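K.L.:
Got a structure for you, written out below as structure tokens; questions coming shortly.
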Amino acid sequence: MIKIDYRFAMRDLIKKSGLGKNELAAVLKKARSVRNGLAKEKNSGLLGFAQVLADRQMVSDCLGFAQPFQGKIQNIVVLGIGGSALGARTLASALRPSRELELKEGRPRLFVCDNLDPDWLTDIFAIVFSEPSLFLVISKSGATAEIASQLLYLMTRLKEAYSDGWRQHLAVVTDPEKGLLRGFARQHNLVCLPIPPSVGGRYSVLTPVGLLPAALIGIDLEGLIQGAREMDEICFHPRNQPGPAELLAAIFYRFAHKGRKNLVMMPYSSKLADFSEWFAQLWAESLGKKTGLDGKQVRAGSTPVRALGATDQHSQIQLYLEGPEDKLVCFLQVEKFTEELEIPAPVKGLKELKWLSGHTIAELLNTELFATSASLARAGQPSLTISIPKLDARSLGGLFYLFELATVIAGGLWNVNPFDQPGVELGKQYTSALMGRKGFEKKKKELESFRKKGKNFIWPAKKK
Ligand code: PA5
């Protein structure tokens, strides 16, 4: 079972920068009432990401689609971005062996094309077009510029490579009814799995957005859903104590209000490095809001920072300890690794390292986690540690759900809508305008006049 050790976030242990018991109790009371409100929404079928956990069909559709591809393809290539990409990547890096081992196992590799860097795409396409590959275009709106452009490029490449057989190499995940991609899939008779309309991009990892790529690379979907359902039960029925999601939301929110504007997510596991990426998007895009639900300006949110233990002990930790007192660190711990790796007795010339032998690499890693959190605490810097018993599908499903719910509860504490992202729209409109899209002429003019200003602030200065 998951554990949350928040001693080093409390005033009893870290003195004045910590939370007082009453202070935490007051926020927890609010968090509980937000959670109770969400329970009602859930019971009325309005909390999409919780609702999908009951959809057995979704899992069997993903498994059913994946089955005939077993042993026949070497690469799964996801074209998706943001919430349509990060879940799949997190699942693959957490639950699958590294790339080289995957090839030996004969299970397909996963490539996630979630950026437009043309050199990088060229490299990936060179690999995946030289081996049997399946492409998944994943986009809820079906209109995201990054994915639309990749799809157009992909279509030419697919037709070149497979001529009329291209349809066997492409599947789509998108809205069940609407959007360009749904129409495209219908027209060409492509397999097209639905993203439930009630589930927003960054909350969609446990829908076909994450589950379809996961099924294709052999991840245990049942375990993922089971873990998420167990977490749902603990969060909504915590039995005489705060539920873990409201506890996290309360701690993260309260520290942000006390000036801890950076929330560092620091797993002590290379396999969970992408989990921090996934969390960063969830937290930032859900909570970074200018306006509250009452129309008042709130400037909500805290900035998620990705770090990795033990690697960042030799990089960022110096800043966390002695730099600005504006961070809360959330460690993620794997209690038991699959391979503990015993450290052997030293050979000749390395005798000074005897103190390490007899221990395991896993033990050293988790000791370093505790040592780091304790040294932060001694320096008055708050942290908490979330531990999972082992890194498997069940634990990961639980973690996804825990952080999704905690984010939504934090949205309630800040009184913002955690499901929209109004701030990212203007950049998209400017891009469309500059790329000559019809209907965006006004935006283009606006941007051009903006661009003309302040030219003397460009280095090197233009010769007069
Ligand atoms: O969380 C979100 O809603 C976003 O990050 C989207 O996932 C991202 O913009 C991609 O959108 P789409 O799936 O519509 O292509």
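K.L.:
Stick to the Cα atoms of the chain, pair each with every other, and give me the Kirkwood hydrodynamic radius in Å at one decimal.
P.N.:
Numbers: mean 1/r = 0.0415 Å⁻¹.
Kirkwood hydrodynamic radius for the chain: 24.1 Å.
K.L.:
In the stretch 293-344, what trypsin sites (Lys or Arg not before Pro) fall in a loop by DSSP, with at most 14 other Cβ atoms inside 10 Å? Could the numbers behind the result be given before it?
P.N.:
Numbers: sites: 296, 299, 306, 327, 336; in loops: 296, 299, 336.
Loop-located and lightly packed - 296, 299, 336.
K.L.:
What's the center-to-center distance, using Cα atoms, between the stretch 288-321 and the stretch 64-89 in Å?
P.N.:
Their Cα centres are 30 Å away from one another.
K.L.:
Mind listing the phi-derived Karplus ³J(HN,Hα) values for the stretch 214-225, rounded to whole Hz, using 6.51, -1.76 and 1.60 with θ = phi - 60°, and x for any glycine or proline?
P.N.:
Each residue's phi maps through the Karplus curve to give 4, 4, 5, 9, x, 8, 6, 5, 4, x, 4, 5 Hz.
K.L.:
When the expected Rg is taken as 2.2 N^0.38 Å, what fraction or multiple of it is the alpha-carbon Rg of the stretch 49-219?
P.N.:
On the way: Rg = 14.8 Å, N = 171, 2.2 N^0.38 = 15.5 Å.
Relative to the 2.2 N^0.38 Å estimate, the stretch 49-219 comes out at 0.95.
K.L.:
What does the charge add up to near residue 168, with Lys and Arg as +1, Asp and Glu as -1, over the other residues with Cβ less than 14 Å from its Cβ? All intermediate terms of the calculation are to be shown ahead of the outcome.
P.N.:
Numbers: positive: 72, 159, 167; negative: 164.
Every neighbour counted, the sum reads +2.
K.L.:
Would you mind calculating the relative contact order of the chain from Cα pairs under 8 angstrom and at least 6 residues apart, reporting the percent as a whole number? Mind dumping the intermediate values first?
P.N.:
Details: 760 pairs, mean separation 95.0, N = 464.
Here the relative contact order equals 20 percent.
K.L.:
Just flag the trypsin sites (Lys or Arg not before Pro) in the stretch 62-168 sitting in loop per DSSP whose Cβ has no more than 14 other Cβ atoms within 10 Å.
P.N.:
Qualifying residues, ordered by number: 72.
K.L.:
What net charge do the residues around residue 259 carry, taking every other residue with its C-beta under 13 Å from that of residue 259, with Lys and Arg at +1 and Asp and Glu at -1? Working shown, then result.
P.N.:
Values: positive: 16, 254, 258, 260, 261, 327; negative: 325, 326.
My count for the surroundings of residue 259 gives +4.
K.L.:
Follow-up question, since we're still on this one. Quick one: what are the phi-derived ³J(HN,Hα) couplings along the stretch 226-236, Karplus 6.51/-1.76/1.60 with θ = phi - 60°, whole Hz, x for glycine and proline?
P.N.:
Using θ = phi - 60°, the values come out as 4, x, 5, 5, 4, 5, 4, 4, 5, 6, 8 Hz.
K.L.:
Right, here's the next one. Only Lys, Arg, Asp and Glu count, each charged at its Cβ (+1, +1, -1, -1), so figure out the dipole size of the stretch 1-100 about its Cα centre, rounded to 20 debye.
P.N.:
Working: 17 positive and 7 negative charges, 120 e Å.
Around 580 debye, computed over the stretch 1-100.
K.L.:
Quick one, what does Rg over Rh come out to for the stretch 396-464 if you take C-alpha atoms and the Kirkwood Rh?
P.N.:
Values: Rg = 20.4 Å, Rh = 16.0 Å.
For the stretch 396-464, the value is 1.27.
K.L.:
Now, a different point. What spacing in nm lies between the two simple spin-label points modelled at residue 122 and residue 434, each 7 Å away from Cα in the Cβ direction?
P.N.:
It is 2.2 nm.
K.L.:
Give me the three principal axis extents of the stretch 346-448 from the C-alpha atoms, as integers in angstrom, largest value leading.
P.N.:
The Cα atoms of the stretch 346-448 stretch 73, 39, 35 Å along the principal axes, largest first.
K.L.:
Treating each Cα of the stretch 144-222 as an identical point scatterer and ignoring solvent, apply the Debye formula and state log10 I(q)/I(0) at q = 0.11, 0.16, 0.22 Å⁻¹.
P.N.:
Reported log10 I(q)/I(0), two decimals: -0.33, -0.69, -1.17.
K.L.:
Could you work out the relative contact order of the stretch 49-219? I mean the mean sequence separation of Cα pairs under 8 Å and 6+ apart, divided by the number of residues, in percent. Don't skip to the end; give the middle numbers.
P.N.:
Numbers: 275 pairs, mean separation 58.8, N = 171.
Value for the stretch 49-219: 34 percent.
K.L.:
Can you list residues from other chains, or at least 5 along the same chain, whose modelled amide H is less than 5 Å from the amide H of residue 360?
P.N.:
343
K.L.:
Now a separate question. GluC sites (Glu not before Pro), restricted to the stretch 94-191: which are DSSP loop and have at most 14 other Cβ atoms within 10 Å? If you can, show how the numbers build up before the last one.
P.N.:
Numbers: sites: 100, 102, 105, 146, 160, 177; in loops: 177.
Of the GluC sites (Glu not before Pro), the ones in loops of the stretch 94-191 whose Cβ has at most 14 other Cβ atoms within 10 Å are 177.
K.L.:
Quick one: if the Förster radius is 35 Å, what FRET efficiency do residue 257 and residue 5 give, using the C-beta to C-beta distance and rounding to 0.05? Intermediate results must be reported in sequence, preceding the final value.
P.N.:
On the way: r = 22 Å, r/R0 = 0.63.
Step by step, r from the Cβ atoms, then E = 0.95.
K.L.:
Quick one: Debye curve from the alpha-carbon atoms of the stretch 417-457 only, equal weights, vacuum; give me log10 I(q)/I(0) at q = 0.15, 0.18 Å⁻¹ to two decimals.
P.N.:
Reported log10 I(q)/I(0), two decimals: -0.46, -0.59.
Quick note: the coordinates plus some simple rules give every number you see, no bench work behind them. Note that the structure is predicted; figures quoted are calculated from it, not measured. FYI the Cβ positions are ideal-geometry reconstructions off the backbone, even for glycines, and counts take in every protein chain you see.
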